[in-house]
1. Quickly rank 233-242, 112-121 as a protection proxy: mean count of other C-beta atoms within 10 Å, highest first.
2. At 7 Å along Cα-to-Cβ for each site, give me the label-to-label distance between residue 141 and residue 123 in nm.
3. Using a 10 Å cut-off on Cβ atoms, rank the peptides 83-90, 128-135, 96-103 from the highest mean neighbour count down.
4. Would you mind checking the stretch 246-270 for residues with the amide N under 19 Å from a putative spin-label position 7 Å along Cα→C-beta of residue 205?
Amino acid sequence: MTRQRVQRRRRGPHAVATAVGRPFLVVLALIACACEREAPREVEVEVRNVGFDYDAGVPVVILQSHEDAEHILPIWIGPAEAQAIAMEMQHVTPPRPLTHDLMKQILEKVGAPLRRVRITALEGQTFVATLVLVRDSREVEIDSRPSDAIALALRFRCPILVERALFDHGTPSGAAPGREASLELWGLTLQDVTPALAETLGLPDVAGVLVSDVEDGERASMRPQRGDVIVAVDDTPVADLEGLRALAASVHTPKRIEVRRGTERIMLAPSRALARADEE
């Protein structure tokens, strides 16, 4: 009798360990599965450009993935929001705060800075976005239009995140991709001057092409500068990107470029600088 009790006692702890060990192993397996790295649901993007979709007749902002340059997301926006985005991209400071500048000041003053913005869904023809603010060490999410969210994100220098699945949707049905938003030419990045942008630049009656970026180099001062509006090349008026692209097909290296720089008309003779830049 005593021997049986001893065997039972010996078996008892083993049986208990086995009973406890099995679910413990299951829990470990679940934890291991949860810890497996998966592709994040959201992709960080940058504002590649803001231009005008001539087919749709509205401005469009182009978002580009940091992971894959081929992942492009166009979002059609209003003129006021396009102006706000373009001004911040061009480092144009208005004489008085515009709406998004005012929103930034308010959020900073009340201690609720913007941490990031998220573009989360496409409902019908409308993109849905969220502002993620920080208040008393807590994150607060606020529903927003993507255009407002992007304009604020640029001012706060914070990340813009897009739900990965939205890149698979492509262009929303019923919306046309329109013309290219920018053009790389002669070491310059160029974009159309939209009516809202022309108003912002103080050039409401000027047609031309905006210089949004210039390649760095020691001869940069001999070429158009960022913020210039190209209005003519070799005495031929330039109205938009399409006209400049056609003109560039016959003029490899322009001898004269006329620009509007604020209220000034400036004639540049950048042929030597451009020719050298093309050779490098």
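What follows draws every value from the coordinates through simple rules; no lab data is involved. None of these values were measured; they are calculated from a predicted model. Backbone-built Cβ (ideal geometry, glycine too); neighbour counts: all protein chains shown.
1. Values: 233-242: 16.2, 112-121: 18.9.
Ranking the peptides 233-242, 112-121 by packing returns 112-121, 233-242.
2. For the pair residue 141/residue 123, the computed spacing is 1.3 nm.
3. Working: 83-90: 23.6, 128-135: 18.0, 96-103: 14.8.
Result, highest mean first: 83-90, 128-135, 96-103.
4. 259-266
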